[in-house]
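> Mind looking over this structure? Questions follow.
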Amino acid sequence: MHRPTALGGALAALATAAAGVLVAAAVSTTPAAAATGGTGTGYLHTSGNKIVDSTGATVRLTGINWFGMETDNKTFHGLWSSNPWRGQLDTMARLGYNTLRIPYSNDALKPGATATGINDFVNPDLVGLSPLQILDKVVDYAGSKGMRVILDRHRPTSAGQSPLWYTSTVSEATWIADWKMLAQRYANNPTVIGADLHNEPHAEGTNPAATGACWGCGDTARDWRLAAERAGNAILGVQPNWLIFVEGVSCPSGGLSNVWDNDPSNDEDCGWWGGNLSKAGQFPVRLNVANRLVYSPHEYATSVYHQAWFDDPTYPANMPAIWDRYWGYLYKQNIAPIMMGEFGTTLQDPKDKVWLQNLMAYTGTGVSGMSFTYWSWNPNSGDTGGIANDDWTTINQAKQDILQPYLIPPTGGGTTSPAPTTPVPTTPAPSGGCTATYKQVNAWQGGFQGELTVKNSGTAAVNPWSATWTWPSGVTLASGWNATVTQSGTTVTAAAPTWASSLAPGASVTIGFTANGTAAAPGAVKLNGTAC
């Protein structure tokens with residue numbers, strides 16, 4: 001309901017459908033490492049109101065949205081900034097976001113689609129890549145950090161959202177064909193766990209002449225519940241391991257109440273776009289593969305739209321009953337898991353802070369709480385802002401402080417606590433020593449990007465490995481990848497990630513980083529205490 005103002009996206013009830021078409025050929029990619037720890041092992045499925053992994057362990061998805069692929073740019077926003085794309089994912093994982101929800105439009109999947117808005121100087125590895133190829137890289141890197149990915153069909157075209165899952169130029173067949181293509185593309189990659197079928201189905205037209213998405217009305221052209229079954233089953237026919245995320249509608253009839261006609265029969269209980277699952281208990285989504293359905297409501301604050309319930313004299317005590325009615329009952333009655341796909345706020349109104357605090361408390365604490373993906377990482381969401389500030393590097397600490405107690409970091413992504421600055425190896429330093437080579441990739445005013453390659457030239461494996469180096473005073477770490485990179489004073493430590501803890505004899509590792517200050521090569525490089 002909240003779209004980037006810089007790109008002309010529409011707010012809540014003003015968004016309109018637009019045209020477009022579709023299909024991309026299936027391409028195989030190298031599977032990312034299976035996620036572990038905070039997001040479980042192997043593919044996920046459901047059990048009652050829980051999401052569980054392949055071992056039966058309960059998993060809580062505590063994620064974030066990174067949008068842009070649904071816009072005219074056809075790829076992630078912020079790639080124009082001075083923070084490389086890996087650095088942004090590093091920060092998300094470090095903060096505790098274990099899942100990435102990625103919105104896209106069918107325009108981005110078309111053959112010949114071009115990604116724009118990329119800073120080639122900072123992201124040279126993305127030059128010339130298609131939107132899908134950039135998505136592949138983000139999926140692979142997110143997976144290497146233990147994160148999971150949910151794909152979200154956000155819009156039929158980059159021009160705007162639509163109340164129904166199809167438009168006059170983007171058919172239901174196109175919608176389903178593109179989903180099947182994506183399911184095939186990532187069929188062997190457990191980083192990608194599922195499909196959010198269509199973003200924010202909502203009412204259109206005035207009752208009784210409703211033309212928007214209904215729930216349980218039985219009209220195959222408008223009944224979102226039936227459409228979700230058709231698409232969900234088509235996807236599961238290609239990839240039976242995926243979770244199917246189904247959002248709600250806004251008004252169950254699919255029509256807007258006409259408050260001027262003095263006819264109370266038309267004034268039904270309507271909620272946020274995609275946020276009303278009040279009929280899902282009576283009319284559940286039926287999938288051909290058991291234990292794959294997750295309901296995914298959206299929920300917003302006054303910064304998006306001033307709903308009547310924000311003026312209730314009992315606010316915020318009135319909110320849990322509203323959440324219960326629209327979607328929370330599905331979780332509380334053990335019908336299905338809830339993964340709140342979008343919720344966000346600017347925090348500019350004092351009511352918004354209370355709303356966010358109470359909403360997070362409502363989801364519950366610990367691994368058994370409801371899953372969620374916050375909207376958004378992006379600072380350019382016009383009516384919510386983001387976790388990232390306008391520099392796409394620093395964060396909005398006020399929002400993060402409210403979310404932090406509910407976040408379960410991915411294994412490999414680290415936590416907000418600093419890693420030890422002095423590594424304690426569990427194996428001896430390499431008997432034959434090590435070598436180190438450095439390459440400066442980029443430089444800009446006030447910062448630079450580099451790659452340090454460390455080779456184990458000894459005769460025994462180093463497990464776990466840890467590299468250290470020094471920088472001149474004034475040079476500070478901004479981000480790092482392929483290791484957990486931290487800094488204390490002038491000493492930088494790159495500790496082995498869990499997915500690649502051992503460095504075999506003759507093997508090498510390339511540690512990437514960005515830094516603030518005058519460009520300088522790492523000095524006094526050591527591998528587990530042995531000078532290189």
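The values are calculated or read from the model by the stated rules, or taken from the named source; none is laboratory data. Source: prediction; values computed, not measured. With ideal geometry, Cβ positions are generated from the backbone for all residues, glycine too; neighbour counts draw on all protein chains shown. Please note that ligands, DNA and RNA were not included when accessible areas were found on the heavy atoms of the full protein model with its side chains. Shrake-Rupley method; radii C 1.70, N 1.55, O 1.52, S 1.80 Å.
> Which residues does a label at Thr518 reach in the range 439-477, if reach means a backbone N under 15 Å from a point 7 Å past the Cα toward the Cβ?
Residues 444-448, 471-476 fall inside that zone.
> Just to be sure I understand the model, the point goes 7 Å from the Cα along the line to the Cβ. What's the resulting Trp444 to Gln333 distance in nm?
In this crude label model, Trp444 to Gln333 measures out at 5.2 nm.
> Still on this structure: Output the 0 to 90 degree angle, nearest 10, between the alpha-carbon long axis of helix 224-238 and the longest principal axis computed from the alpha carbons of the chain.
The angle comes out near 40 degrees.
> What is the range 97-162 by shape, rounded, prolate or oblate, if you read a ≥ b ≥ c off the alpha carbon gyration tensor as root eigenvalues and call it rounded for a/c under 1.5, prolate for a/b larger than b/c, and oblate otherwise?
oblate
> Still on this structure: Return the percentage of antiparallel bridges among DSSP beta bridges fully within the range 201-350, rounded to the nearest 5 %.
Given both bridge residues lie in the range 201-350, the antiparallel proportion sits at roughly 10 percent.
> Now for a different question. Accessible area per residue of the range 161-239 at 1.4 Å probe, in Å²? Present the calculation step by step, with values, prior to reporting the outcome.
On the way: 2160 Å² over 79 residues.
I get 27 Å² per residue for this part.
> Is the chain rounded, prolate or oblate when judged by the Cα gyration tensor, a ≥ b ≥ c being the square roots of its eigenvalues, rounded requiring a/c under 1.5 and prolate requiring a/b larger than b/c?
Prolate.
> May I pose another question? For the chain, what % of the accessible area comes from carbon and sulfur atoms, probe 1.4 Å?
54
> List the lysines whose Cα sits under 19 Å from the Cα of Lys332, skipping any in the same chain fewer than 8 residues away.
Lys50, Lys279
> Which distance in nm do the two modelled labels at Asp269 and Thr169 give, with both placed 7 Å along the Cα-to-Cβ direction?
3.9
> Over the range 347-414, average the accessible area per residue using a 1.4 Å probe and give it in Å², no decimals.
For the range 347-414, the solvent-accessible area averages 35 Å² per residue.
> Is the shape of the range 204-337 rounded, prolate or oblate, going by the alpha carbon gyration tensor and its root eigenvalues a ≥ b ≥ c, with a/c under 1.5 for rounded and a/b larger than b/c for prolate?
Taking the square roots of the gyration eigenvalues as a ≥ b ≥ c, the range 204-337 is oblate.
> Separate question: Would you please put 439-446, 277-284 in order of how densely packed they are, using the mean number of other Cβ atoms within 10 angstrom per residue and starting with the highest?
The peptides rank, most packed first, as 277-284, 439-446.
> Then there's this: As a check on your grasp of the helix formula, calculate [θ] at 222 nm for the chain: sum -39500 (n - 2.57) over DSSP H runs of n ≥ 4, divide by the residue count, round to the nearest 500.
Rounded to the nearest 500, it is -4500 deg cm²/dmol.
> Compute the helix-to-body angle for 85-95: its Cα long axis versus the longest principal axis of the chain, expressed 0 to 90° and rounded to tens.
80
> Quick check on my link table: of Lys145/Lys353; Lys137/Lys180; Lys439/Lys526; Lys137/Lys439; Lys137/Lys399, which ones sit more than 24 Å apart, alpha carbon to alpha carbon?
From the list (Lys145/Lys353; Lys137/Lys180; Lys439/Lys526; Lys137/Lys439; Lys137/Lys399), the Cα-Cα distance tops 24 Å for Lys145/Lys353; Lys137/Lys399.
> Let me ask another. Using the alpha-carbon atoms, what tilt in degrees (0 to 90, nearest 10) does helix 350-363 show relative to the longest principal axis of the chain?
The angle comes out near 80 degrees.
> Counting DSSP beta bridges in the chain, what percent are antiparallel, to the nearest 5? Before the final figure, lay out each step's value.
Values: 48 of 79 bridges.
Antiparallel bridges make up about 60 percent of those DSSP assigns within the chain.
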